[in-house]
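*Asks:* I have a structure here, written as structure tokens, and I will follow up with some questions on it.
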Amino acid sequence: FTPKPIKGNPYASVKIIEFSDLQCPACGAAHPVVKKIISEYETKVSLEYKHFPLTSIHLFAFDAALASECANDQGKFWEYVDVAFENQNALQKKNLKTYAEQIGLDTEKFDVCLASGVKKKYVSADMSEGIGKNVQSTPSFFINGKPLGSWQYEKFKAALDAALAEAR
């Protein structure tokens, strides 16, 4: 098991947890905002990504989550997340394999991983954690355990600044 990489500073006192679905349009819209926030707060915060595929409405989200975990085994989790968000309308299995190739993964290892379902327990564990935190929709963000009401840039920034001030 390879833990998903933390973005930003893993030792930061302010921790962001994101529950997301790679097929969810709102998550796709939030992704550039999150990237901007992390680039600005890189040394001050950490970001941990958790899978919360809304399988009842997003038919390819669970497989896409599995694919990102398979990419993680080869050290390319965030690269895979980026390419999945860029191609949200094309997350069928054949496409997931194409993206693996595009980001330079060993496609044979990737295909075996994806076909085996070996990553299901990790995606399911993230989902259970989200349910435990009462996640109702995606994306859902928590800053030091507190739910973030809105992922709009200004609100996100304000919440981080408040958390950083509190942590001092």
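*Asks:* Per residue, how big is the convex hull around the C-alpha atoms of the chain? Give it to me in cubic angstrom, could you?
*Replies:* Hull volume normalised by residue count: 106 Å³.
*Asks:* Could you size up the charge dipole of the chain around its Cα centre, putting +1 on the beta carbon of Lys and Arg and -1 on that of Asp and Glu, and report it in debye to the nearest 20?
*Replies:* Rounded to the nearest 20 debye, it is 320 debye.
*Asks:* Using the heavy atoms of the protein chains and a 1.4 angstrom probe, tell me the accessible area per residue for the chain in square angstrom.
*Replies:* With the other protein chains kept in place, the chain gives 50 Å² per residue.
*Asks:* Additional query: When the Karplus curve 6.51 cos²θ - 1.76 cosθ + 1.60 is applied with θ = phi - 60°, which whole-Hz ³J(HN,Hα) does each residue of segment 44-58 get, with x for Gly and Pro?
*Replies:* Coupling constants for segment 44-58: 9, 9, 10, 10, 10, 9, 10, 7, 9, x, 8, 5, 6, 10, 10 Hz.
*Asks:* For Val14, which sequence-distant residues (separation of 5 or more, or a different chain) have an amide H within less than 5 Å of its own amide H, given hydrogens modelled in the peptide plane?
*Replies:* Answer set, sorted by chain and number: Ser46.
*Asks:* Then there's this: Normalised by the number of residues in segment 15-163, what is the relative contact order in percent for Cα pairs under 8 Å and 6+ residues apart?
*Replies:* It rounds to 35 percent for segment 15-163.
*Asks:* Further question on the same structure: Compute, for segment 35-120, the length of the dipole vector about the Cα centre, with Cβ point charges of +1 (Lys, Arg) and -1 (Asp, Glu) only. Units Debye, rounded to 20.
*Replies:* Dipole magnitude for segment 35-120 comes out near 240 debye.
*Asks:* Run the accessible area of the chain with a 1.4 Å probe and give the carbon-and-sulfur part as a rounded percent.
*Replies:* Answer for the chain is 53 percent, counting heavy atoms of protein chains only.
*Asks:* Here is a follow-up. Restricting everything to alpha-carbon atoms, can you work out Rg to Rh for segment 1-64 with a Kirkwood hydrodynamic radius?
*Replies:* Value, to two decimals: 1.02.
*Asks:* Less than 12 Å Cβ to Cβ from Ala125, Lys/Arg counted +1 and Asp/Glu -1: what total charge do the surrounding residues give?
*Replies:* Result for the local shell: +2.
*Asks:* Now, a different point. Excluding the sites themselves, what is the longest stretch of the chain that contains no chymotrypsin sites (Phe, Trp or Tyr not before Pro) in a DSSP loop with at most 13 other C-beta atoms within 10 Å?
*Replies:* 12-168
*Asks:* What net charge do the residues around Phe19 carry, taking every other residue with its C-beta under 13 Å from that of Phe19, with Lys and Arg at +1 and Asp and Glu at -1?
*Replies:* Counting the neighbours of Phe19, the net charge comes to -2.
*Asks:* Below 10 angstrom from the Cβ of Asp82, what's the summed charge of the other residues (Lys, Arg +1; Asp, Glu -1)?
*Replies:* For residues surrounding Asp82, the net value is 0.
The values are calculated or read from the model by the stated rules, or taken from the named source; none is laboratory data. Treat the numbers as computed from the prediction; the structure is a model and nothing was measured. No Cβ is skipped: glycine too gets one built from the backbone with ideal geometry, and neighbour counts run over all protein chains shown. Ligands, DNA and RNA are excluded from the accessible area calculation, which covers all protein heavy atoms including side chains. Shrake-Rupley method; radii C 1.70, N 1.55, O 1.52, S 1.80 Å.
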